[in-house]
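Down below is the structure, laid out as structure tokens.
The values are calculated or read from the model by the stated rules, or taken from the named source; none is laboratory data. Since this is a predicted model, take the numbers as computed values, not measurements. Quick reminder, even Gly has a Cβ in these numbers, built from the backbone with ideal geometry, and neighbours come from all protein chains shown.
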Amino acid sequence: MKLNAYDWLGDMNLPGSTKYNIIEIKFKGGRKGYYRNSKYLELFTGDPVVVEAQSGHHIGHVSLQGELVRLQMNKKDVKEDSEEVLNILRPATDKDLEKLVNVKNRELPTMYRTREIIKELNLKMKLSDVEFQADNSKATFFYSADDRVDFRELIKILASEFKIRVEMRQISLRQEAGRIGGIGSCGRELCCSTWLTDFKSVSTAAARYQNLSLNPSKLSGQCGRLKCCLNYELETYIDALVDIPIVDSPLITEKGKAALQKVDIFKKVLWFNYNGETTWHSISAERVKEIQEMNAKQVFPPALQEDETTTIEAKDSKLGSAIEKLERKRQRREKENPGKPRPKKRSTRGNKPSNQNKPPQNKSSQNKGDENKGKENSGNVKRRRNRKKNNR
């Protein structure tokens, strides 16, 4: 279930304590509220119940109960004696559920009609969802907007047309994506529509710390804002960056200046290349610190590495690896068959068909062929002239 928590204490009886009488109830779109079980009804997870509302009643489903509810209330800073904590009236009956289905069938047509009214009034707002109360007396309209919107006229029109009390609730773009749902670029359901409820601010610095390309199309999510998952591993990257030196200027050696090209944070390896070269040299973070200390004292090492054996070609790396594989195969064949001569390559360049094997042609036959061609050409010319005369 969406935004559901597993009650891992549900089957356990805590010694010396009574069951916590506040229950977490879930409504449409993952919205949750806390209600007091004042009548001590025997309820289970998923049971539909009728709860109090500010005016009237509403129907929700039990999502959590017991001591975990106390922990969730402490986390969200909801007090037990708060006015937000209302009462559970009774378990929902079949008639209540039928009324709820009929009410939900009104939501989609109401949303389409409201969008038409918004266009007629030229209001700069986006309506994302409509939720009717179970007693069909109130409707909540969820919208998003960049600026403040004066929707007083809109409320009058909606109240007179649908005969209900209207509540306008502005939500953020992340909350809107969570209510609508969808599939992210990772192939899984959106975090905001499955388990994420607290939306923290995300900045481009999180992408820089993780060496991600600052491409807006790749960093933004369904809501058009930066992805919330950029913060998931940020602390791990920040802890690993402590051992990585800051390279503000190129390293100077006897071979020349070396500029930074790439950083592997977790392996603690930095890649440099000399000016005008395409070869990248991998250096450990400790070696980079040593060279920086030497450059600060105007001392220049002979090379980036004491033995520059670990290199990578920035270009034609695939071709180089293929050539190495072929060379290894050739060496294996020579070891297996040491006495076998190496086959010669056949060159096909510049080969032309030789005329040595062709029999010599007779000169008389060549002359006869030329005479026949001449006669045919003269006959064709006469025919063309006769056709022109006839046409005239």
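Within segment 262-285, count every residue that is in contact with a helix residue (DSSP H, G or I) (Cβ under 7 Å, 6 or more places away or on another chain) and on the phi < 0 side of the Ramachandran plot.
Total meeting the criteria: 4.
In segment 202-212, is there at least one residue being farther than 14 Å from LEU230 by Cα and of a type in the set (A, V, I, L, M)? Before you say what the answer is, go through the steps one by one.
Within segment 202-212, the subset farther than 14 Å from LEU230 by Cα is none.
No, there is no match, as no residue in segment 202-212 is farther than 14 Å from LEU230 by Cα and of a type in the set (A, V, I, L, M).
Go through LYS138, LYS124 for me and flag whichever is at pLDDT 90 or above and loosely packed, with under 14 Cβ neighbours inside 10 Å.
Matching residue, one of LYS138, LYS124: LYS124.
Here is a check on your reading of the model: is VAL166 closer than 30 Å to SER217 by Cβ, without any contact (Cβ under 8 Å) to a residue 60 or more places away in the chain, surrounded by 14 or more Cβ atoms within 10 Å (Cβ to Cβ) and not assigned by TED's automatic domain parsing to the domain that holds GLY224?
Working: closer than 30 Å to SER217 by Cβ: no; without any contact (Cβ under 8 Å) to a residue 60 or more places away in the chain: yes; surrounded by 14 or more Cβ atoms within 10 Å (Cβ to Cβ): yes; not assigned by TED's automatic domain parsing to the domain that holds GLY224: yes.
No; evaluated as a whole, the condition is false for this residue.
What are the residues in segment 224-238 that are among the β-branched types (Val, Ile, Thr) and over 10 Å from ALA206 (Cβ atoms), if any?
The initial filter retains those residues of segment 224-238 that are among the β-branched types (Val, Ile, Thr), namely 236, 238.
Of everything in segment 224-238, just one residue is among the β-branched types (Val, Ile, Thr) and over 10 Å from ALA206 (Cβ atoms), namely THR236.
Quick check on PHE141: is it in a loop (DSSP other than H, G, I, E, B) and of a type in the set (Phe, Trp, Tyr)? Break it down stepwise before answering.
On the way: in a loop (DSSP other than H, G, I, E, B): no; of a type in the set (Phe, Trp, Tyr): yes.
So PHE141 fails the test.
In segment 112-125, which residues are within 13 Å of PHE141 (Cβ to Cβ) and in contact (Cβ under 8 Å) with a residue 24 or more places away in the chain?
Initially, segment 112-125 is screened for residues within 13 Å of PHE141 (Cβ to Cβ), giving 112-115, 117-118, 123, 125.
Answer for segment 112-125, where residues must be within 13 Å of PHE141 (Cβ to Cβ) and in contact (Cβ under 8 Å) with a residue 24 or more places away in the chain: ARG113, THR114, ILE117, ILE118, LEU123, MET125.
Out of the residues in segment 79-103 meeting the condition of being part of a helix (DSSP H, G or I) and out of contact with any strand residue (DSSP E or B) (no Cβ under 7 Å at 6 or more places or on another chain), tell me which one is farthest from ASN37 (Cα to Cα).
Of the residues in segment 79-103, the ones part of a helix (DSSP H, G or I) are 94-103.
Within this subset, residues satisfying the condition of being out of contact with any strand residue (DSSP E or B) (no Cβ under 7 Å at 6 or more places or on another chain) are 94-95, 98-99, 101-102.
Numbers: ASP94: 21, LYS95: 22, GLU98: 24, LYS99: 23, VAL101: 25, ASN102: 27 Å.
Checked segment 79-103; the qualifying residue farthest from ASN37 (Cα to Cα) is ASN102.
PHE151 is checked against (1) within 16 Å of LYS28 (Cα to Cα); (2) crowded, with 17+ Cβ neighbours inside 10 Å; (3) among the aromatic types (Phe, Trp, Tyr) and fails just one. What number does that condition carry?
Looking at each condition in turn, PHE151 falls short on (1).
Take PHE272 and tell me if it is of a type in the set (Phe, Trp, Tyr), surrounded by fewer than 17 Cβ atoms within 10 Å (Cβ to Cβ) and either touching a Cys at 6+ places or on another chain (Cβ under 9 Å) or modelled with pLDDT of 90 or more (or both). Please lay out each step first, then the result.
Values: of a type in the set (Phe, Trp, Tyr): yes; surrounded by fewer than 17 Cβ atoms within 10 Å (Cβ to Cβ): no; either touching a Cys at 6+ places or on another chain (Cβ under 9 Å) or modelled with pLDDT of 90 or more (or both): yes.
No.
Could you go through segment 240-252 and let me know if any residue there is of a type in the set (Val, Ile, Thr), over 30 Å from ASP146 (Cβ atoms), exposed (fewer than 14 other Cβ atoms within 10 Å of the Cβ) and touching a residue at least 12 places away in the same chain (Cβ under 8 Å).
Applying the first criterion (of a type in the set (Val, Ile, Thr)) to segment 240-252 yields 242, 244, 246-247, 252.
Still in the list and also over 30 Å from ASP146 (Cβ atoms): 242, 244, 246-247, 252.
From what's left, exposed (fewer than 14 other Cβ atoms within 10 Å of the Cβ): 242, 246.
Retained after the next criterion (residues that are touching a residue at least 12 places away in the same chain (Cβ under 8 Å)): none.
Looking for residues that are of a type in the set (Val, Ile, Thr), over 30 Å from ASP146 (Cβ atoms), exposed (fewer than 14 other Cβ atoms within 10 Å of the Cβ) and touching a residue at least 12 places away in the same chain (Cβ under 8 Å), one finds none in segment 240-252, hence no.
What number of residues within segment 39-66 satisfy the criterion of being touching a residue at least 40 places away in the same chain (Cβ under 8 Å) and touching a Phe, Trp or Tyr at 6+ places or on another chain (Cβ under 6 Å)?
Counting residues in segment 39-66 that are touching a residue at least 40 places away in the same chain (Cβ under 8 Å) and touching a Phe, Trp or Tyr at 6+ places or on another chain (Cβ under 6 Å) gives 1.
Name every residue in segment 62-71 that is crowded, with 17+ Cβ neighbours inside 10 Å, touching a Lys or Arg at 6+ places or on another chain (Cβ under 9 Å) and not in a loop (DSSP other than H, G, I, E, B), in order of residue number.
The initial filter retains those residues of segment 62-71 that are crowded, with 17+ Cβ neighbours inside 10 Å, namely 62-66, 68-69.
Okay, now just the ones that are also touching a Lys or Arg at 6+ places or on another chain (Cβ under 9 Å), so 62-66.
VAL62, SER63, LEU64, GLN65 - these are the residues of segment 62-71 that are crowded, with 17+ Cβ neighbours inside 10 Å, touching a Lys or Arg at 6+ places or on another chain (Cβ under 9 Å) and not in a loop (DSSP other than H, G, I, E, B).
For segment 189-226, how many residues are of a type outside the set (S, T, N, Q) and surrounded by 12 or more Cβ atoms within 10 Å (Cβ to Cβ)?
Narrowing segment 189-226 to residues of a type outside the set (S, T, N, Q): 189-192, 195-196, 198-200, 202, 205-209, 212, 214, 216, 218-219, 221, 223-226.
With surrounded by 12 or more Cβ atoms within 10 Å (Cβ to Cβ) added as a condition, the list becomes 189-192, 195-196, 199, 202, 206-207, 209, 212, 219, 221, 223, 225-226.
Residues that pass the stated criteria total 17.
How do the pairs read when you match residues in segment 288-303 that are under 12 Å from ALA258 (Cα atoms) with residues anywhere that are among the basic types (Lys, Arg) and at pLDDT below 90, using Cβ under 7 Å and keeping only pairs 6 or more apart or on different chains?
Filtered contacts from segment 288-303: ALA303/LYS255.
Suppose the filter is of a type in the set (Asp, Glu) and closer than 27 Å to PRO48 by Cα; does GLU161 pass it?
Numbers: of a type in the set (Asp, Glu): yes; closer than 27 Å to PRO48 by Cα: no.
The answer is no for GLU161.
Which one is farthest from GLN133 (Cα to Cα), of the residues in segment 73-88 that are out of contact with any Gly (no Cβ under 9 Å at 6 or more places or on another chain) and buried (at least 17 other Cβ atoms within 10 Å of the Cβ)? Can you show your working first?
Taking segment 73-88 as the starting set, the residues that turn out to be out of contact with any Gly (no Cβ under 9 Å at 6 or more places or on another chain) are 73-83, 87-88.
Then drop every residue that is not buried (at least 17 other Cβ atoms within 10 Å of the Cβ), which leaves 73, 88.
On the way: MET73: 24, ILE88: 15 Å.
Ranking the qualifying residues of segment 73-88, first place goes to MET73.
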